[in-house]
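Every number in this text was worked out from the coordinates using simple rules, so none of it is lab data. Remember, predicted model here, so these are calculated numbers, not experimental data. No Cβ is skipped: glycine too gets one built from the backbone with ideal geometry, and neighbour counts run over all protein chains shown.
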Amino acid sequence: MADTEAPDDGAYYLDQVTITEDLDDDYRYEEVSVDEETIAEGDEDLDAAVRVIEEAAQDIKAALRREGAPGPTVIERPEVVDDFVRNYLLKMGMRKTLECFQTEWYELQQKGLLREEDIQPVPDVYSRNQQLDDHVKLLRKEVDKFKDAANKAKDMYVKLRKERDFHRMHHKRVVQEKNKLVTDIKRLKKHYASYEPTLRQLKHKYETAMKEKMLSKLERDRAVGQVSGLQATLKNIETGRGEPVFLQGVHSSRELAKAGIGPTQQSLRQARNIEGLPGYDPSKDPTRSEFKRHPKDTEFPMDNRVNPYLTSQKTPTGHLTRTGGFRLTNTLHAHQLAISNLALHPRKEILVTTSDDHNWKMWAIPNGDVIMTGEGHEDWVSSADFHPSGTKLATTAGDSTVKVWDFAKTECTVTFAEHTHAAWDCAWHWTGDFLASCSMDNTSKVWDLNSERCRYTLRGHADSVNSIVFLYYSNTLCTGSADKTISLWDARTGLCAQTFYGHMHSVNNVTFNLRGDTIASCDSYGVLKLWDVRAIATITSVDLGPHPTNRVAFDPSGQVLAVASNDGTVKMFEVASGQVSSLTGHEDAVQAVVFDRKGEYLVSGGSDGTVRIWS
């Protein structure tokens with residue numbers, strides 16, 4: 001054991017010693033001022049000046065060398081063997097081994113037992129292996145991270161696949177339910193189709209019953225008339241002044257019905273008989289055409305019906321009685337495109353609007369519920385007018401057609417297509433058997449609803465006929481044209497009776513007041529005129545321009561006119577005072593205005609597609 005122990009060459013120890021520098025504190029340095037390097041003015045000579053210049057040049061070169069000198073660089077030197085081992089042990093956390101290594105290493109170094117090749121830097125292969133090992137560890141960390149991402153993606157894929165399977169199953173279930181519903185709908189259609197013959201049969205029975213009811217009512221009225229006539233005859237006989245005039249002209253309603261004469265014509269003939277007028281003589285009728293008449297043509301009524309509005313005293317409209325006049329109370333967004341015209345039902349609170357979207361709509365006012373929509377015209381619908389009974393509607397359109405719609409059948413029953421250009425306006429005769437229309441082809445036409453043909457074509461205007469209206473309870477027609485004139489026509493003969501001159505521009509609209517003694521007209525330059533029908537003269541003229549006035553309407557009392565203006569306002573003209581006020585609310589041109597039957601409110605329609613109610 002003694003031979004194996006290392007010999008002890010003597011003890012050694014490490015001590016820290018601080019070496020101080022020798023300072024010559026006793027040596028006195030002489031301060032040299034910078035200014036002394038300069039040459040005094042008295043000592044200045046050529047050599048001194050040259051020396052100063054050279055020194056300045058040297059200072060500049062030194063400064064340039066100092067500024068351009070490269071900065072310090074870090075030189076990587078390979079670590080020696082002992083540092084390599086120390087770093088490795090530290091990295092592995094082997095501190096006890098590190099202490100033993102350092103003790104033994106320093107002992108060997110102190111004794112000089114370490115060879116020079118053992119102290120040299122570590123060979124490159126070891127350093128490279130260490131770098132590769134570090135890189136491998138980094139790559140392993142990244143691999144682990146990518147594995148986690150891949151596992152998450154796999155879980156997401158499994159989840160999405162389950163959702164796909166769920167939605168696919170749900171879609172198949174929905175398809176099965178849809179097919180089942182389609183099958184049920186087809187079965188229901190087939191089931192309800194079997195009821196159609198029964199419904200038609202019931203409808204036919206209902207119509208037959210209504211006809212029988214009407215015939216019974218007519219028979220009752222006829223019997224009552226006969227009894228009244230007999231009583232009057234007996235009374236006259238008793239007094240010695242009676243003549244059985246009534247009995248001479250009475251005809252059975254059944255005989256008239258068998259002869260193909262409608263209820264209107266029956267009432268006309270009965271009226272003649274009651275009044276003791278002579279029977280109808282075709283040879284003495286000035287309105288009878290020379291050509292052969294259609295067997296279903298309707299006879300025009302006699303022009304002896306008294307207008308009930310002549311003696312009626314209408315109260316002033318609300319625009320005059322209320323402070324501030326009419327105000328906007330409701331707005332209906334009726335159409336996507338411009339509204340061209342309005343029509344009010346003769347008895348109910350129902351409004352029809354026509355529009356450039358090729359449709360017309362029926363509304364309940366003032367709440368604004370849609371009742372019906374009419375589709376059938378191929379171009380913009382220009383006008384509409386209710387049948388006097390309120391069961392039908394006539395419309396005109398840019399497709400040159402005039403259509404009659406039956407509300408009971410909810411369809412178009414008659415289409416007149418003899419106009420060659422766009423039809424502008426239409427108006428019903430008070431009997432409901434005739435319809436008048438005007439067109440851009442410079443003509444107006446009178447249509448017979450029973451024979452469904454054109455009875456007369458009114459020719460005389462030199463330009464487009466823009467407006468047409470029947471005088472209340474008469475056979476007189478009034479038309480306004482782009483040739484700046486207004487004409488009165490006899491609908492029985494198709495001849496012009498009178499022409500009014502005075503407008504300087506195209507007449508857009510004409511209308512009668514309820515009494516029928518005044519015509520109001522407006523033109524494309526905003527001029528409003530009132531005409532006396534009997535005197536054939538202008539009553540007043542008002543300039544509401546410069547914007548065009550599109551439509552005019554009388555209130556029931558005839559004291560106020562509403563005028564639709566292209567400037568987006570409704571002009572209110574008071575006939576007595578001549579005062580003009582405006583109702584503002586539309587966002588575009590106002591195309592149509594109409595008063596209700598009592599004058600309590602006003603309805604207007606405009607190019608903004610809205611209907612506005614003023615009250």
Long-range amide H partners of SER557 with built H, under 5 Å | THR317
LEU495 versus HIS170: modelled label distance in nm, points set 7 Å from Cα along the beta carbon direction = 8.2
For the pairs LYS392/LYS445; LYS186/LYS409; LYS361/LYS403; LYS203/LYS403, note any where the Cα-Cα span goes beyond 23 Å.
-> LYS186/LYS409; LYS203/LYS403
Using Cα centres only, tell me the gap between region 389-440 and region 333-348 in whole Å.
-> 16
Spin-label model distance (nm) - GLU219 vs ARG347, 7 Å beyond Cα toward Cβ | 2.5
Can you list which of the trypsin sites (Lys or Arg not before Pro) found in region 480-546 are DSSP loop residues with at most 16 other C-beta atoms within 10 Å?
-> ARG534
Phi to ³J(HN,Hα) by Karplus 6.51 cos²θ - 1.76 cosθ + 1.60 over region 139-155, Hz, x for Gly, Pro | 5, 5, 4, 5, 4, 4, 5, 5, 5, 4, 4, 5, 5, 5, 4, 5, 4
If the chain between VAL50 and GLU104 were fully stretched, how many nm would it gain, using 0.36 nm times the residue separation less the Cα-Cα distance?
-> 12.5 nm
Pair SER451, LYS96: separation of 7 Å Cα→Cβ label points (nm) | 13.4
Gained length - ASP543 relative to GLU212, 0.36 nm times residue gap less alpha-carbon distance | 113.4 nm
Pull up the cross-link candidates among the lysines for LYS91, meaning alpha carbon to alpha carbon under 19 Å and not fewer than 8 places away within one chain.
-> LYS137, LYS141
Under 19 Å from the Cα of LYS484, which lysines turn up, not counting those fewer than eight places away in the same chain?
-> LYS529
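Cβ neighbours within 10 Å, averaged per peptide: list 142-155, 220-233 in order, most packed at the top.
Numbers: 142-155: 10.0, 220-233: 13.0.
Top to bottom by mean Cβ count within 10 Å: 220-233, 142-155.
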If r is the Cβ-Cβ distance from LYS154 to LYS189 and R0 is 60 Å, what FRET efficiency results, to the nearest 0.05?
-> 0.70
Cross-link partners of LYS154 among lysines (Cα-Cα below 17 Å; sequence separation of 8 or more within a chain) = LYS145, LYS162
Roughly speaking, what is the stretch gain from GLU378 to LYS162, that is 0.36 nm per residue apart minus the C-alpha to C-alpha distance, in nm to one decimal?
-> 72.3 nm
Listed by chain and number, the residues whose amide H is under 5 Å from that of ALA422, excluding neighbours fewer than 5 places away on the same chain and using placed H, are MET440
What residues qualify as long-range amide H neighbours of ASP357, i.e. H under 5 Å apart, gap of 5 or more or another chain, H built at 1.01 Å from N?
-> LEU337, VAL381
Kindly write out, for region 182-188 in residue order, the coupling ³J(HN,Hα) from the Karplus curve 6.51 cos²θ - 1.76 cosθ + 1.60 (θ = phi - 60°), rounded to whole Hz, with x marking Gly and Pro.
-> 4, 4, 5, 5, 4, 5, 5
